[in-house]
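Notes for the one structure printed next.
All of the numbers you see were taken from the coordinates with simple rules; none came from a lab. Because the structure is predicted, anything quoted here is derived from the model rather than measured. A quick note on method: Cβ atoms are made from the backbone with ideal geometry, for glycine too, and the neighbour counts reach across all protein chains shown.
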Amino acid sequence: MGTIRSPVSACCTGQMRSIRLDTVIAAPIGECFRLSLSVDAHAASMHASGEQAIGGVTSGVMKLGDSVTWRARHFGIVFQMTSAITDCQPPSRFVDEQQQGPFRRWWHEHTFTTLANGQTQMTDVVEFQSPLGPLGYIADRLVLGHYMPHLLRQRNTWLKTTLEEPS
């Protein structure tokens, strides 16, 4: 059974926040890649925040150029965010980027590598920045810098558990 191999790291370069999370999954790279692009899997993994796809691709597996609009409740506030798959190199990498929503910038790179033991290392790198200048910087540093890694771990734990379940 795979494990989450390294802790989430978060840093700030200028006013941009960066998060990296490595997760090892005992499943083939193609399955990990495909489930990570699934709108339905994302919604299931974010059930706690009531995340729902309300526009664009609302079910199934996304591909290059596809977009989805999400509605979710975080901190008691309802947010909407539209993101698009802006780069896709199956089965090793894809990028989703916010097109419209609460962030000044949201860029999320997903990479997948087959390990020597046949497991897959999934690496998430997220760069984000809130709007509102100094106020956004404070929110990123004091709140979102801790909350966003928590959401990534929650999603990755769901993916890992689902992919490692016996058939």
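Shape annotation for the chain: C-alpha extents along the principal axes are 46, 32, 28 Å, from largest to smallest. Amide H to amide H, with H built 1.01 Å from N, Asp66 comes under 5 Å of Ile85, counting only residues 5 or more places away or on other chains. Listed from fewest to most Cβ neighbours within 10 Å, the set Asp96, Asp66 follows the order Asp66, Asp96.
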